[in-house]
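The numbers here are math on the coordinates, done by the rules we state, and not lab data. The structure presented is a predicted model; accordingly, all values stated were derived computationally and were not measured. Every residue, glycine among them, receives a Cβ derived from its backbone with ideal geometry; neighbour counts consider all protein chains shown.
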Amino acid sequence: MVASSEMLISAAQKLLCPRKKRLSPSTCLDVTVQIMAVDLGVKPALLYDSNAASPEQLQVYLRSLQESGVVTNPLRILSIDENAFIFNPATIESHLDDLLQSKSLLLIDICPSIKQPVLVGFEKTTEDMIKTLSEFFMSELEKGSSVIVLGEELYNDWNLCTLFGILLGYPASYWFDQTKGFGNCLCMTPLVVSSESQPFRLQGFPFIPKNILQIQKQSPLQNPLYLH
């Protein structure tokens, strides 16, 4: 069964609808594409912030995407302090293992005591957080739960700013010493909005098919689009 854009919009508006506030058609399709990216392993997780849909509503929506064939992997939901992440178990486990092995995560110190952000090394508290998080995932996934809740007893001492960057697969994450407060040196920094565009056009597709995301996942040497 091939899901049309109309079907995907209808499902999202019906199932992700807290207090009768419907998502716009463009938001519905964007959410679906982001979930497809997680499903294909393009990124480990998605922070769902399109509206106030609950983890249970997200679970029902994911099930509908699986039934329609849009999603093929057993995606899960992680709830952290009223924030919901949709994640791919295989990808997130591999991602955390890679970080622990390579220690390649860049941390950007934004403590208020410095004038501008500074790159810092892979410090031990972050390494310990990733180890604990990896063990937590392994334990919870063995239980087969569709919705996993990260308790405050775990994340209370963690830097959520750093944690969220790690879960989302960002190559760099903000860090600050929260034992000295939650301020940062970016408070008065003007925001800069950047945009990206793809050098190819989609013709004849009412919706982005999976093979397009698979092409984007390939390395430049594997991706024929980089050769033109």
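Hey, which aspartates and glutamates would be in cross-link range of Lys180, C-alpha to C-alpha under 14 Å, not counting anything within fewer than 8 residues on its own chain?
Asp109, Asp157
Quick one: which residues, 5 or more positions from Ile148 or on another chain, have an amide H under 5 Å from its amide H? H modelled 1.01 Å from N in the peptide plane, none for Pro or chain starts.
For Ile148, whose amide H was placed from the backbone, the distant partners under 5 Å are Ile77, Leu78, Ser79.
From the cross-link list Lys103/Lys124; Lys43/Lys115; Lys43/Lys124; Lys43/Lys143, which pairs have alpha carbons spaced over 22 Å apart?
On the way: Lys103/Lys124 10 Å; Lys43/Lys115 32 Å; Lys43/Lys124 25 Å; Lys43/Lys143 24 Å.
Beyond 22 Å: Lys43/Lys115; Lys43/Lys124; Lys43/Lys143.
May I ask you to sort Cys28, Cys161 by Cβ crowding, counting other Cβ atoms within 10 Å and putting the fewest first? If you can, show how the numbers build up before the last one.
Numbers: Cys28 20, Cys161 16.
Going from sparsest to densest Cβ surroundings: Cys161, Cys28.
So if R0 is 22 Å, what FRET efficiency would Lys21 and Val149 give, r being the distance between their Cβ atoms, rounded to the nearest 0.05?
0.35
Which residues' amide hydrogens lie under 5 Å from the amide hydrogen of Ser173, considering only partners 5 or more residues apart or on another chain, with H built in the peptide plane?
When sequence neighbours closer than 5 places are left aside, the close amide H contacts are Leu106, Leu107, Ile108.
Going by C-beta contacts inside 10 Å, put Glu142, Glu93, Glu56 in order with the fewest on the left.
By the 10 Å Cβ count, ascending, the order reads Glu142, Glu56, Glu93.
Check cross-link reach from Lys14 to the aspartates and glutamates: straight Cα distance under 14 Å, and skip same-chain residues fewer than eight apart.
Glu6, Glu56
Between Asp98 and Arg63, what length comes free when the chain is fully extended (0.36 nm per residue of separation minus the Cα-Cα distance, one decimal in nm)?
Values: separation 35, 0.36 × 35 = 12.60 nm, distance 2.92 nm.
Full-extension gain reported as 9.7 nm.
Provide Met36, Met138, Met188 in ascending order of the number of other Cβ atoms located within 10 Å of each residue's Cβ, fewest first.
Working: Met36 22, Met138 12, Met188 5.
The fewest-first ordering by Cβ neighbours comes to Met188, Met138, Met36.
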